[in-house]
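Since the structure comes first, as structure tokens, the remarks are kept for the end.
The values are calculated or read from the model by the stated rules, or taken from the named source; none is laboratory data. Computed from a predicted structure; not experimentally measured. Positions of Cβ are backbone-derived with ideal geometry, glycine not excepted, and every protein chain shown enters the neighbour counts. Calculation scope for accessible area: heavy atoms of the full protein, side chains included, ligands and nucleic acids excluded. Shrake-Rupley method; radii C 1.70, N 1.55, O 1.52, S 1.80 Å.
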Amino acid sequence: MKLNSAGDDFIARLRKCLPKESFREITASYLEEPRGQVTGRAGLVVAPGSVGDVSLIVKAAIEYRVPIIPYGGGTGLVGGQIMPDGPVPVILSLERLRKIRGVYPADNVIEVEAGAILADVQSAAASVGKLFPLSIAARGSARIGGILATNAGGVNVLRYGNARELCLGLEAVLPDGSIWNGMKRLRKDNMGYDLRNLLIGSEGTLGVITSAALKLSPIPANSATALLAVRNPACALDILSLASDQFCDGVNAFELMKSTSLEFIAEAFPEMKRPFADPPDWFVLVDVGLAKGIDPAESFEKLYLDSHARGFCYDGLVSHSEAQRREFWAIREIIPEANRRIGAICSHDISVPLGSIAEFIESSDVAMAALGTYRINCFGHLGDGNLHFNIFPPKGENRNRYLGERGVITQCIHDLVHGFGGSVGAEHGVGRLKIGDLERYADPSGLSAMRAIKTALDPAGIMNPGAVFRM
């Protein structure tokens with residue numbers, strides 16, 4: 001169905017229905033994504049103050065056949081929040097829907113509006129002695145609606161799961177403008193299709209999430225972090241197995257990093273303290289949260305001795321204070337910024353079955369060497385199989401000389417991932433930048449079912465057109 005640009009009549013209609021404070025100036029922040037690969041357009045930016053306002057906007061968009069781009073914190077990395085082509089859309093920003101609707105410590109639940117910033121949700125949970133465990137680098141700007149729409153993961157997926165596992169209920173405006181109230185705090189509810197899980201991960205193509213009921217967890221009594229130098233990724237996986245056996249569900253995160261990460265940090269942040277005097281080829285960050293009465297330092301000592309005796313690791317550091325723990329985490333968390341300053345040719349957010357990770361890394365090194373001389377920075381959430389596989393030019397060379405090779409490099413890596421039974425969209429979704437990958441690698445029957453769902457729920461095609469599927 002043909003869509004129209006957000007013209008004067010449509011804008012006048014919204015200005016008549018919504019209060020003045022709902023309208024925003026169209027600035028570059030709404031039209032750019034973090035990596036600068038896509039620039040969008042907008043006829044109007046509107047920030048509704050209630051779920052009723054969202055419903056009014058959607059109903060007006062149906063009447064005028066105007067595309068809607070839901071906009072959270074703008075931190076997405078696959079262009080899902082940017083519409084560069086086609087009719088000029090209305091951007092529906094969640095920024096005014098920021099309320100913490102309620103905190104229920106006895107239920108381990110917090111109810112928040114979709115525009116709430118992740119860090120604020122974490123603080124609200126902490127104020128009642130609880131933990132909202134989802135944590136990503138953009139926690140200071142990412143909003144809950146966008147986090148759920150992309151099923152974000154982050155560093156604690158190993159223990160607590162993706163956004164999907166942390167959501168009990170939703171409120172959303174569907175593509176016909178109706179308001180669906182699924183804000184339940186229940187762990188068990190098998191009454192029909194699970195619309196909540198349909199909307200989570202749909203990237204704004206099936207509706208606009210306006211509120212969520214999220215799971216909280218107890219704050220572990222004793223937490224600590226260790227850095228362990230490992231001989232190779234296979235040994236890292238062996239240590240993960242030992243840690244899982246020893247700590248059971250106490251392992252919060254298990255991050256894999258290589259010497260390239262330390263080299264980039266040294267280049268980009270020379271003032272930053274180095275954890276190892278002799279940088280290892282590979283190392284892991286292990287973060288645990290344990291019950292009262294269990295000493296993390298003693299537990300880590302046992303893990304290190306067991307790992308060392310089996311030849312898995314040869315050096316290690318254990319945090320003995322919260323400040324030291326933050327120092328260790330700072331190394332992992334600063335890698336993306338170091339990468340940005342060095343300048344990647346291309347970046348890949350992939351996942352591979354745990355048992356295949358070591359072989360995949362070895363195979364990808366061989367494949368990249370056959371294509372040319374590159375620096376590879378492979379790091380990520382080893383505990384859940386999610387790697388960030390980034391390709392850089394040789395030291396001292398500008399990435400711009402190599403941008404023409406992006407397509408060949410990416411297809412090589414993605415073909416390898418697919419061959420290992422992995423996913424080329426582990427954390428960030430499809431958006432607009434990975435539509436070709438979805439078409440290339442998705443199961444045909446599953447893709448047909450997805451198209452059928454989109455058509456059934458959004459027959460007018462107004463919800464984030466051009467995201468996930470081509471327009």
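Looking across Asp278, Asp306, Asp315, one residue alone is more than 30 Å from Thr410 (Cα to Cα), open to solvent by 30 Å² or more (accessible area, probe 1.4 Å), of a type in the set (D, E, K, R) and touching a Pro at 6+ places or on another chain (Cβ under 7 Å). It is Asp315.
When restricted to residues that are of a type in the set (Lys, Arg) and within 20 Å of Asn386 (Cβ to Cβ), region 398-439 contains 1. Among the residues of region 15-45, what is the count of those that are assigned to a helix (DSSP H, G or I), of a type outside the set (S, T, N, Q) and within 26 Å of Gly431 (Cβ to Cβ)? Of the residues in that region, 2 qualify. Looking across region 264-274, the residues that are touching a residue at least 40 places away in the same chain (Cβ under 8 Å) and open to solvent by 30 Å² or more (accessible area, probe 1.4 Å) come down to Glu267, Met272, Lys273. Scanning region 267-277 for residues that are of a type in the set (Asp, Glu) and either part of a helix (DSSP H, G or I) or in contact with an Asp or Glu (Cβ under 8 Å, 6 or more places away or on another chain) (or both) gives a single hit, Glu267.
Against the list (1) in a strand (DSSP E or B); (2) open to solvent by 10 Å² or more (accessible area, probe 1.4 Å), the condition Thr210 fails is (2).
Taking the conditions (1) touching a Pro at 6+ places or on another chain (Cβ under 7 Å); (2) on the phi > 0 side of the Ramachandran plot in turn, Gly431 satisfies each one other than (1). The set of residues from region 444-471 being under 23 Å from the mean Cα position of the chain (by Cα) and either over 17 Å from Pro89 (Cα atoms) or touching a residue at least 60 places away in the same chain (Cβ under 8 Å) (or both) comprises Gly446, Leu447, Met450, Lys454, Met463, Asn464, Pro465, Gly466, Ala467, Val468, Phe469.
Within region 123-130, none of the residues are at pLDDT below 95 and either out of contact with any helix residue (DSSP H, G or I) (no Cβ under 9 Å at 6 or more places or on another chain) or surrounded by fewer than 24 Cβ atoms within 10 Å (Cβ to Cβ) (or both). Of the residues making up region 243-257, those that are surrounded by fewer than 20 Cβ atoms within 10 Å (Cβ to Cβ) and either hydrophobic (A, V, I, L, M, F, W, C) or in a strand (DSSP E or B) (or both) number 1. Within region 153-165, the set of residues being farther than 17 Å from Thr210 by Cβ and either assigned to a strand (DSSP E or B) or open to solvent by less than 10 Å² (accessible area, probe 1.4 Å) (or both) comprises Gly153, Gly154. Within region 395-411, one or more residues are hydrophobic (A, V, I, L, M, F, W, C), surrounded by fewer than 16 Cβ atoms within 10 Å (Cβ to Cβ), closer than 30 Å to Pro67 by Cβ and at pLDDT below 95.
Conditions (1) over 29 Å from Gly161 (Cβ atoms); (2) of a type in the set (A, V, I, L, M), marked per residue:
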{"site": "Leu240", "(1), (2)": "no, yes"}
{"site": "Ala266", "(1), (2)": "yes, yes"}
{"site": "Asp281", "(1), (2)": "yes, no"}
{"site": "Val288", "(1), (2)": "no, yes"}
{"site": "Ala297", "(1), (2)": "no, yes"}
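From the list Leu3, Leu56, Leu97, Leu77, the one residue that fits, being touching a His at 6+ places or on another chain (Cβ under 6 Å) and either in a loop (DSSP other than H, G, I, E, B) or open to solvent by 30 Å² or more (accessible area, probe 1.4 Å) (or both), is Leu77.
Scanning region 166-182 for residues that are open to solvent by less than 30 Å² (accessible area, probe 1.4 Å) and within 23 Å of Ile453 (Cα to Cα) returns Cys167, Leu168, Gly169, Leu170, Glu171, Ala172, Val173, Pro175, Gly177, Gly182. The strands (runs of 3 or more DSSP E) found entirely in region 297-407 that carry 2 or more residues being within 23 Å of Gly421 (Cα to Cα) and out of contact with any His (no Cβ under 6 Å at 6 or more places or on another chain) are 346-351, 375-381, 386-392.
Here is a yes/no grid of residues against (1) touching a strand residue (DSSP E or B) at 6+ places or on another chain (Cβ under 9 Å); (2) part of a loop (DSSP other than H, G, I, E, B):
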site	(1), (2)
Leu168	yes, no
Lys184	yes, yes
Asn190	no, yes
Tyr193	no, yes
Leu198	no, no
Leu206	yes, yes
Ser241	no, no
Leu262	yes, no
Ile265	no, no
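Take the conditions touching a residue at least 12 places away in the same chain (Cβ under 8 Å), among the aliphatic types (A, V, I, L, M) and not in a helix (DSSP H, G or I) and apply them to Ile69. Does it pass? Yes: the conditions hold for Ile69. Just one of the listed residues (Arg143, Arg185, Arg196, Arg139) is open to solvent by 30 Å² or more (accessible area, probe 1.4 Å), over 28 Å from Leu240 (Cβ atoms) and under 12 Å from the mean Cα position of the chain (by Cα), namely Arg143. Exactly one residue out of Glu32, Glu21 is modelled with pLDDT under 95 and charged (D, E, K, R), and it is Glu32.
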